[in-house]
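Written out below as structure tokens is the structure these notes cover.
The values are calculated or read from the model by the stated rules, or taken from the named source; none is laboratory data. Computed from a predicted structure; not experimentally measured. We work out accessible area using only protein heavy atoms, side chains counted, and drop any ligands, DNA or RNA first. Shrake-Rupley method; radii C 1.70, N 1.55, O 1.52, S 1.80 Å.
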Amino acid sequence: MKTPYFILSATLVAGTALAQTALERKYTPCVDYFQVGGSRCAATASPAIAPAPPNPVPTAPAARPATDPVQAFLDNHGKPPREFAEFYVNPTPENARRWVEAFRAQQSKANAMAEAWRQAERAFPSPTELPRPASAPAQPVAAPVAAPMATPTAPTPTAPRLGRFATPAEQLPILVYYFSASCPFCARLKPDLMAITQATQGKLLFTCVDLTPLSPRQAPSPGNRTGLPCDWRLPQPGELERLQIRQTPTLLISRPGQGGQRLTGIIPPSQLQTALFGQN
């Protein structure tokens with residue numbers, strides 16, 4: 001079957017028109033560089049700008065996960081409780097009530113810890129309380145008993161006995177030395193007194209009576225008579241008044257068959273030697 005001529009002609013004309021239109025669109029310039037005026041070019045479409053998002057609505061912070069109580073204790077160790085800090089900064093009755101409640105809770109926890117500790121001690125004895133092996137039976141150990149404090153007695157110094165031919169104690173001269181560790185004159189007398197008494201040990205009954213004042217830092221003790229070969233003691237009640245000891249150093253010397261002698265202050269070694277043993 002043959003296509004009619006007029007249909008074929010119409011088709012060719014339409015195709016030629018479309019092709020011409022496409023060529024004009026593609027190659028016809030929209031700008032003439034030799035003329036002044038506006039351009040026939042279509043305005044380039046600007047990219048659409050998205051509108052700014054609205055301000056976000058503040059939301060409540062997400063709940064924190066539960067904190068480990070041990071880690072919370074370590075983080076706050078050494079810090080005052082929050083209830084106390086709030087009461088300190090703002091001492092209102094409400095903050096005071098909260099601090100009292102927190103303090104009582106701490107006391108209850110401390111009591112619970114103490115009771116748990118006592119139970120643990122009963123359940124787990126210390127190594128010193130563990131039973132001994134059968135091969136080594138435990139021996140009862142007597143608890144140390146503090147010796148009662150001896151009542152001061154009259155000065156009865158004893159001299160060392162140097163054998164069967166030693167001089168009996170009742171025939172030895174007696175020297176009672178009243179001194180104080182804080183007395184400067186006693187410190188000056190001490191070297192001479194030490195030299196004489198150390199050279200005559202066994203020939204003299206020597207007693208040191210310590211009159212050092214009582215104080216929190218320095219109390220009378222046997223260490224005050226270091227270097228002196230004497231029997232150390234404290235004064236007896238009423239002794240100083242009865243013997244009228246009013247200063248240190250004071251030396252009371254008595255010799256068998258002779259009266260007593262009192263020496264005070266710094267005494268020359270020769271005078272002390274004569275008072276103790278007579279003329280050499």
#### Entry: Solvent-accessible area of Val70 with every protein chain in place, 1.4 Å probe, in Å² to the nearest 10
90
### Query
Counting only the heavy atoms of the protein chains, how much of Phe73 is accessible to a 1.4 Å probe, in Å² to the nearest 10?
130
### Query
Ignoring ligands, DNA and RNA, what accessible area per residue does the range 174-280 give at 1.4 Å, in Å²?
54
### Query
On the first, second and third principal axes, largest extent first, how far apart are the outermost C-alpha atoms of the range 225-265 in Å?
31, 24, 20
